[in-house]
Amino acid sequence: MSSPVLDVQGLAYAYPDGHQALYGVDLHVHRGERVALLGPNGAGKTTLVLHLNGILTAGRGRVAVSGLPVTKQNLTEVRRRVGIVFQDPDDQLFMPTVRDDVAFGPANLGLRGTALERRVLDALDKVGMADFVDRPPHHLSFGQRRRVAVATVLAMEPEILVLDEPSSNLDPASRRELAEILTGLDVTVLMVTHDLPYAFELCPRSVVLSDGVIEADGATYDVLTDDALMSAHRLELPYGFDPRTIVRPSSG
Amino acid sequence: MGAGHGHKLHYHGHSPVHRAPAHLKLVALLGFMLVVVATPRTWFPAFAVYLAVVVAVVGLSRVPASYLLKRMVVEVPFVVFAALMPFVATGPRVEVLGVPVSEAGLIAAWALVAKGTLGVLASLTLAATTEPRDLLLGLQRLRFPDQLVQIMGFMIRYLDVVTSEMQRMRVARESRGFDARSPKHWPVLARSAGALFVRSYERGERVHLAMLSRGYTGSLPRDGGR
């Protein structure tokens, strides 16, 4: 197999105030995989995500994206390759119109003119928001804003899409629509989530991060049905949801 | 959450005034205001001409007069101040309706009201006929410092977000029986304002993170990258 899209080795990090968030994380994600990153609050999930595109710099260990190490010199290319969709779309959508916002990333990469316009419309088309191109983001519904936030990152044609709590605050219909969009994309996905049914639906593989180390890495079904593992790391299936009683979706 | 198009001052339309390039409108407004302010206060016919010009532009823009008049209430504090001037100013007195008032004060009040009204009306017309985004692009084209244009852009974008956050905090306060009626409740309001400031600051940091993640290096793409 070629080099993994995401290659994290022995990553450790302490915040400037001395709080140690990560204690040697190893994680490999290969092309085309959809991986859920699970873990209780304060496990270091967000800290890990911020290392993937070089916002935070590893204290020890290394991160590489498709073979390219995340270092100061490579930041531009790394940030093109790793697209992060943050939890609150209001943080991500800061331009006056949807078009400007989706164009922001590719324009920073140097795209101009019709190439840029095509990139913007393609990305919006993938999330079904092409009709909203001239609207101000704050006039969209929350679900629509989340989809535009995904488009802003898709417009950079990333090799891996990193989603922070993609289903949070969505109503069930928007949640399902987003799932359909994500499964339809031809891109590697790493999804940070507390929504275990969503992880089960979308991600064949799950990784459990707890207290700054990877505690489990395997098929989502196996992780969610390992009761000892689950309770040891404050992971709980929502009431009424049991993977054992659900017929696995045909696409594994 | 806000509904509809544009912002609260914008009146949607397709008149020649709406379609004129934003940077030309900005230059025209600035030039007009400089001329108005520089005009000696006793050249009364000149002010009539200025008013006619603004009214003509408003007519051309097909923005209803009532729409602009309602929004002119921002000027009220200045009008009140102007109305006081003839009474507090010193100097020779003249009789108006049997009340002795200062002549210099009267002229000053007239100038304040006339110049203020022209300025407010012209600015409102610009705001009513120009989308905020176009205004920013206009400023950018006029080589206005990039940092300031960016700051204004963020202000427009996040005004609604911060306002609704403020509303939610107010609703949460009142839901727990708080009612700001007397000065002894002010400390609570001050703490709320502080919390809002901290939240906005933290949001600023998160926005910055999101920008860096999409390759931001210090300047926004000119003309939206087009």
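The values are calculated or read from the model by the stated rules, or taken from the named source; none is laboratory data. None of the values given here were measured: they were computed from a predicted structure. All Cβ positions, even for glycine, are placed from backbone atoms using ideal geometry, and neighbour counts span all protein chains on display.
Anything in the range A:140-197 that is at positive phi and among the charged types (D, E, K, R)? List them, or say none. Of everything in the range A:140-197, those that are at positive phi and among the charged types (D, E, K, R) turn out to be A:157, A:165. Applying a threshold of 6 Å to beta carbon distances and a minimum spacing of six or more residues, or different chains, the list of pairs starting in the range A:51-79 at a residue that is more than 13 Å from chain B (Cβ to nearest Cβ) and within 15 Å of residue A:158 (Cα to Cα) and ending at one that is assigned to a loop (DSSP other than H, G, I, E, B) and not β-branched (Val, Ile, Thr) reads A:66/A:159; A:67/A:3. Checked against the criterion of being of a type in the set (Asp, Glu), facing another protein chain (nearest Cβ under 10 Å) and farther than 27 Å from residue A:112 by Cβ, the candidates B:160, B:179 yield just one match: B:160.
Residue B:34 satisfies every condition listed in (1) at pLDDT below 90; (2) closer than 24 Å to residue B:131 by Cα; (3) loosely packed, with under 11 Cβ neighbours inside 10 Å except (1). Of all residues in the range B:140-151, those being in a helix (DSSP H, G or I) and either surrounded by 15 or more Cβ atoms within 10 Å (Cβ to Cβ) or touching a strand residue (DSSP E or B) at 6+ places or on another chain (Cβ under 8 Å) (or both) number 4.
Just so you know, in the range A:82-100 the residues that are farther than 25 Å from residue A:70 by Cβ and in contact with a Pro (Cβ under 9 Å, 6 or more places away or on another chain) include one that is surrounded by the fewest Cβ atoms within 10 Å (Cβ to Cβ), and it is A:97.
Within the range A:198-217, residues that are in contact (Cβ under 8 Å) with a residue 60 or more places away in the chain and among the aliphatic types (A, V, I, L, M) reach partners that are assigned to a helix (DSSP H, G or I) and surrounded by fewer than 18 Cβ atoms within 10 Å (Cβ to Cβ) with beta carbons closer than 8 Å, at six or more positions or on different chains, in the pairs A:202/A:179; A:202/A:183; A:208/A:229.
Taking first residues from the range B:176-204 that are within 30 Å of residue A:89 (Cα to Cα) and partners that are basic (Lys, Arg), the Cβ contacts under 7 Å between residues at least 6 apart in sequence or on separate chains come to B:192/B:173. Any residue at all in the range A:194-202 that is within 25 Å of residue A:81 (Cβ to Cβ) and of a type in the set (Asp, Glu)? Within the range A:194-202, none of the residues are within 25 Å of residue A:81 (Cβ to Cβ) and of a type in the set (Asp, Glu). Considering (1) surrounded by 15 or more Cβ atoms within 10 Å (Cβ to Cβ); (2) farther than 17 Å from residue B:133 by Cβ; (3) hydroxyl-bearing (Ser, Thr, Tyr), the lone condition that residue B:182 does not fulfil carries the number (1). Can you tell me which residues in the range A:102-125 are more than 8 Å from chain B (Cβ to nearest Cβ) and more than 19 Å from the chain's Cα centre (by Cα)? A:110, A:114, A:115, A:118, A:119, A:120, A:121, A:122, A:125 - these are the residues of the range A:102-125 that are more than 8 Å from chain B (Cβ to nearest Cβ) and more than 19 Å from the chain's Cα centre (by Cα).
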